[in-house]
Amino acid sequence: MYQETSHIKVNLVNNSYEVLVGSKIIYSIGQELEKLEIPKGGKVLVITNPDVAQPYSKLFIQSIKDCGYDPRLLILEAGEVQKTTDSIALIHNAAYEHQLDRNSTIIALGGGVIGDMTGFAAATWLRGIGFIQVPTTLLAMVDASVGGKTGVNHPKGKNLIGAFHQPKLVLIDIETLKTLPNREFRAGMAEIIKYGVIGDSDLFLKLEQAADLTRLEAVGQNLIREIIIKSVQTKAKIVEEDEKENGMRAILNYGHTFGHVVETLGGYGKWLHGEAVSIGMVVIGELALQLKLWEKEDFRRQKELIIKAGLPTVWPNFPINKVLRSLQGDKKVKEGRIRFVMPVEIGKVIISSDIKKENLIRLLENMKIANP
């Protein structure tokens, strides 16, 4: 059944843009450059990774050429372990060789890692040039591609090096999910579940009613399109109210504080980002239960939905002192106090900086007993 492309506007004081969600729209990239009134003959640098380059890059580049632009392709290895300043240097080198100027465009064609690195490179080349997000993973579609957060990891912590740099356009082609491995699809489901917990109880219920959330074929094209659109709309609304995370945008970090600990202490690359976030949601849910902030039934519903999506729920039991040190080094620490996004019911969270160290130690000790 044919469905028209959905246009979701991210309305900002400066640099508003559209998120397009549709099927078979990836090769309209050339026409989209024209709609953005990017001058013909302009230089375009496309950043992608081998798994995405193989099925998509040839026709993608051809679309750009056919519309009168001068594209260059740079293929980088993806994966969290590649998200470093060394990779940014490779993009900067390609930008120099292709003679990108302030009217040029960089395009991220790939998952969240490619998007984060490309956005940061665009933010820092000539103090900022335009870039476009074309996400090809579920996680990137619903989260990383929207909102303008860009950056790379520091050996001591995730996303500690970065900048806010909004894209000129986000183009989401649902068809690209057909080439996505099931493990990556499940990782994206973690962020969708997050949106349900932080602000969309109807989305959460819709996910509960689905028979299977572990793979695209089971979810189906209609439902996946609907939940992508709902997730993007939720994020767009939050970003519009708080573009640079001075307040409520922090709720988007639900599950991420402990999730980043899993990624940092577990070693980048062992856990996919969504897998770490799913564990983080379970842990913060346990803490909220310990502090009597939400009901056992809500905690049960969240955990069962995470399990239904085929995601991990077990805390890896890192040494408590290392966990506390990692938490203190998180970028969400403000004036020495860790800000936790705490669930109070399905569809509602609060931000708290009042969690005591003894609460955290008790939580981690209990997790250790539960998961020996």
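The values are calculated or read from the model by the stated rules, or taken from the named source; none is laboratory data. Only a predicted model underlies this, so the values are computations on that prediction, with no experimental measurement involved. As a convention, Cβ positions derive from the backbone with ideal geometry for all residues, glycine included, and neighbour counts pool all protein chains shown.
Pull up the range 160-210, narrow it to residues that are among the hydroxyl-bearing types (Ser, Thr, Tyr) and under 26 Å from Thr118 (Cα atoms), then point me to the one that is nearest to the chain's Cα centre (by Cα).
Tyr195
From the list Ile229, Ile238, exactly one residue is crowded, with 16+ Cβ neighbours inside 10 Å and at pLDDT 95 or above. Which is it?
Within the list Ile229, Ile238, the selection yields Ile229.
Report the residue count in the range 28-61 for those that are under 17 Å from Thr118 (Cα atoms) and polar (S, T, N, Q).
3
Select from the range 229-238 the residues that are among the β-branched types (Val, Ile, Thr) and out of contact with any strand residue (DSSP E or B) (no Cβ under 6 Å at 6 or more places or on another chain) and list them in ascending order.
The answer is Thr234, Ile238.
Which residue is surrounded by the most Cβ atoms within 10 Å (Cβ to Cβ), if the candidates are limited to the range 144-198 and must be more than 15 Å from Leu272 (Cα to Cα) and aromatic (Phe, Trp, Tyr)?
Tyr195
Quick check on my filter: what residues within the range 59-88 are in contact with a Lys or Arg (Cβ under 8 Å, 6 or more places away or on another chain) and small (Gly, Ala, Ser)?
Selection gives Gly68 alone.
Assess whether Val19 counts as being surrounded by fewer than 14 Cβ atoms within 10 Å (Cβ to Cβ), out of contact with any Ser or Thr (no Cβ under 7 Å at 6 or more places or on another chain), among the β-branched types (Val, Ile, Thr) and in contact (Cβ under 8 Å) with a residue 60 or more places away in the chain.
No, not satisfied.
Mind listing whichever residues of the range 257-278 are closer than 19 Å to Ile338 by Cβ and touching a strand residue (DSSP E or B) at 6+ places or on another chain (Cβ under 8 Å)? Write out each step before concluding.
Just the residues of the range 257-278 that are closer than 19 Å to Ile338 by Cβ, to begin with: 257-265, 276-277.
Across the range 257-278, the qualifying residues are Thr257, His260, Val262, Glu263, Thr264.
Does the range 246-262 hold any residues that are touching a Lys or Arg at 6+ places or on another chain (Cβ under 8 Å) and within 20 Å of Val13 (Cβ to Cβ), and which are they?
Of everything in the range 246-262, those that are touching a Lys or Arg at 6+ places or on another chain (Cβ under 8 Å) and within 20 Å of Val13 (Cβ to Cβ) turn out to be Ala250, Leu252.
Scan the range 336-372 for residues that are more than 14 Å from Ile284 (Cα to Cα), among the small types (Gly, Ala, Ser) and either outside the structural domain of Ile193 (by TED's automatic domain parsing) or modelled with pLDDT under 95 (or both) and report the count.
Looking only at that region, the number is 2.
Can you pull out the residues in the range 64-74 that are outside any strand (DSSP E or B) and buried (at least 19 other Cβ atoms within 10 Å of the Cβ)?
If the condition is that a residue be outside any strand (DSSP E or B) and buried (at least 19 other Cβ atoms within 10 Å of the Cβ), then Ile64, Tyr69 are the ones that fit.
Is the range 72-80 home to any residue that is modelled with pLDDT under 95 and not charged (D, E, K, R)?
yes
Suppose we keep only residues that are hydrophobic (A, V, I, L, M, F, W, C) and under 19 Å from Asn359 (Cβ atoms) within the range 286-313. Which one would you say is farthest from the chain's Cα centre (by Cα)?
Among those that are hydrophobic (A, V, I, L, M, F, W, C) and under 19 Å from Asn359 (Cβ atoms), it is Leu291.
Taking Val113 as the residue in question, decide whether it is closer than 22 Å to Gly41 by Cα and among the hydrophobic types (A, V, I, L, M, F, W, C).
No; evaluated as a whole, the condition is false for this residue.
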